[in-house]
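Worksheet: the structure to be examined is printed underneath.
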Amino acid sequence: MSATAHADEHQHHRFQAHHFETAEQQFQAGKLGMWLFLATEVLFFSGMFCAYAVFRAAHPEVFEKAAEFLNPTLGAANTLVLLASSLSVAWAVRCAQLGKQSGLLSNLIFTMVCAGIFMGVKAVEYSLKWKEGLLWRGKFTWTDGAHPDLTSTHEMLYSFGLTLAGIGAALIVAGLILGAKSVGTRWAFFALGATVLGAAGGCLIGNVYTAWEQHDEQTHGEHSEVFEDAHALGLEEVAEEEVHAEEAESEDVVEGQTDAEAPAATVVQEMAAEYGGEGPKFPGVFFSIYYAMTGVHAIHILAGIGVFVWIVSRAARGHFEPNYYGPVEYTGLYWHLVDLIWIYLFPLLYLIR
Amino acid sequence: MSENHHHYVAPLPVLFGTFACLVGLTIITVFQATQEYAEFGRWETPLTLSIATVKAALVALFFMQLAHDKPMNGIILISSLLFLALFLTFALLDTHQYGPQVHDFLISNPKAPDSP
């Protein structure tokens, strides 16, 4: 801290860069940099929040109907999982500040298990929506009354979850073998294995829950009337005129694809009244926004998992101590921001009534 | 000996208390949205967003430790939120302004399914 401490080169912490006067200066500079990055992240997501706000302001009824296809229970479960992971990250920072090595490692591993569970549940949600045709606008093929048979998807998710469990176990065994001599390598594999095991758990539990819920719902027949007006017309094959930004990179739009029979003028008028003349695929706009926002959020989770593998590896090598724990705190800040974004995404997408 | 003796170390009761509040608010907002007998009509969205904002503030103040941090870090976050608000406000004002014209255009020129 003092000038004399700096004059003595040997006082420097081994991870203090030469261009910093003190470890404290390095820590605060790193944190400032992280906060600036988080500000750019807020602005990055603001584009998608803006798209959401504009489309919802223009077509509130579409959002209300479409949101009924999202499962609030799965969303709430994922919210709780992310909140728990935020708690454990904050606790991990505390452990690093107090020099508690085992607490640091176990909290970080718990965080990664939570990240895995989140991704597993997301995989269940995406897979079921894919099967049902609840996709972005260009691929929106949901038809009312069709009741797509989801059994094959549930079976696929079941084997996918078991495969993930196998991969997770294999990663832990690989860590024991490949990391026999290096504690950092060993724990990096453990962390990755724990994440994949968490994903397996999230996938299997989410799959069992949705299968049970679907079985429960079949007697009640929910969702049967939604979008009826658009799809009773039998106009699934509609040429798209516009490509929305969200689907631009993944979607080949067939221009000028036509159906033989021209609909009656009254039908067109009805459709126009229902979705403001935007065509029967228009509810897909909600799902365009849904996939863009949750997808980019999920990419942030994956990036966080990648960084946490590095943090766990360094923590296992004993790099972090009360004098030097910046990377744990910076990664934690990033993780909290990802949690913050989900705190807004959850009510905006899942809880529209 | 330690250079970080002035760094704030969050006590465990604070961390767990924050977590309990976050879980409680999540339960409230899900309950409010899924039950039938307490409807707030057009105020539902502002209400759920207010709950989300309280949750976000809890995370920022106690998990991200802005409550005990240098003010500059909080200022950076708040300025990004101000720009977010500016962006949303102008976009929505614009949408609102031109909404009726767009609506009239779409009604008079509906996209027939067989038109390009």
Going through (1) in a helix (DSSP H, G or I); (2) out of contact with any helix residue (DSSP H, G or I) (no Cβ under 8 Å at 6 or more places or on another chain); (3) free of Cβ contacts under 8 Å to residues at least 12 places away in the same chain one by one, A:Q97 fails only at (3)
All conditions in (1) surrounded by fewer than 22 Cβ atoms within 10 Å (Cβ to Cβ); (2) modelled with pLDDT of 95 or more are true of A:I311 except (1)
Only one of A:T111, A:T163, A:T153, A:T79 is in a helix (DSSP H, G or I), in contact with a Ser or Thr (Cβ under 7 Å, 6 or more places away or on another chain) and farther than 20 Å from A:T294 by Cα, namely A:T153
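Filter the stretch A:35-49 down to the residues that are hydrophobic (A, V, I, L, M, F, W, C) and surrounded by 17 or more Cβ atoms within 10 Å (Cβ to Cβ), then identify the one that is farthest from the other protein chains (Cβ to nearest Cβ).
Only one residue tops the list, namely A:M48.
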(1) within 30 Å of B:M64 (Cα to Cα); (2) of a type in the set (A, V, I, L, M, F, W, C); (3) more than 7 Å from chain B (Cβ to nearest Cβ) all hold for A:L32 apart from (3)
Out of (1) surrounded by fewer than 17 Cβ atoms within 10 Å (Cβ to Cβ); (2) of a type in the set (K, R); (3) facing chain A (nearest Cβ under 8 Å), the one B:R42 does not meet is (3)
Within the stretch B:59-116, restricting to residues that are outside any helix (DSSP H, G or I) and at pLDDT 85 or above, the one that is surrounded by the fewest Cβ atoms within 10 Å (Cβ to Cβ) is B:K70
| request: Restrict the check to the stretch B:1-19 and report whether at least one residue is farther than 21 Å from A:Y52 by Cβ, assigned to a loop (DSSP other than H, G, I, E, B), of a type in the set (D, E) and free of Cβ contacts under 8 Å to residues at least 60 places away in the same chain. | output: yes
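Here's the yes/no breakdown for (1) more than 14 Å from A:W335 (Cα to Cα); (2) in contact with a Gly (Cβ under 6 Å, 6 or more places away or on another chain); (3) within 11 Å of chain B (Cβ to nearest Cβ):
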{"site": "A:A17", "(1), (2), (3)": "yes, no, no"}
{"site": "A:F20", "(1), (2), (3)": "yes, no, no"}
{"site": "A:F27", "(1), (2), (3)": "yes, yes, yes"}
{"site": "A:V89", "(1), (2), (3)": "no, yes, yes"}
{"site": "A:G99", "(1), (2), (3)": "yes, no, yes"}
{"site": "A:F118", "(1), (2), (3)": "no, no, no"}
Scanning the stretch A:164-214 for residues that are crowded, with 20+ Cβ neighbours inside 10 Å and among the polar types (S, T, N, Q), the one nearest to A:S85 (Cα to Cα) turns out to be A:T195
Selection from the stretch B:28-39 of residues surrounded by 13 or more Cβ atoms within 10 Å (Cβ to Cβ) and either of a type in the set (G, A, S) or out of contact with any helix residue (DSSP H, G or I) (no Cβ under 8 Å at 6 or more places or on another chain) (or both) yields B:A33
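The values are calculated or read from the model by the stated rules, or taken from the named source; none is laboratory data. All values derive from a computational prediction rather than experimental measurement. FYI the Cβ positions are ideal-geometry reconstructions off the backbone, even for glycines, and counts take in every protein chain you see.
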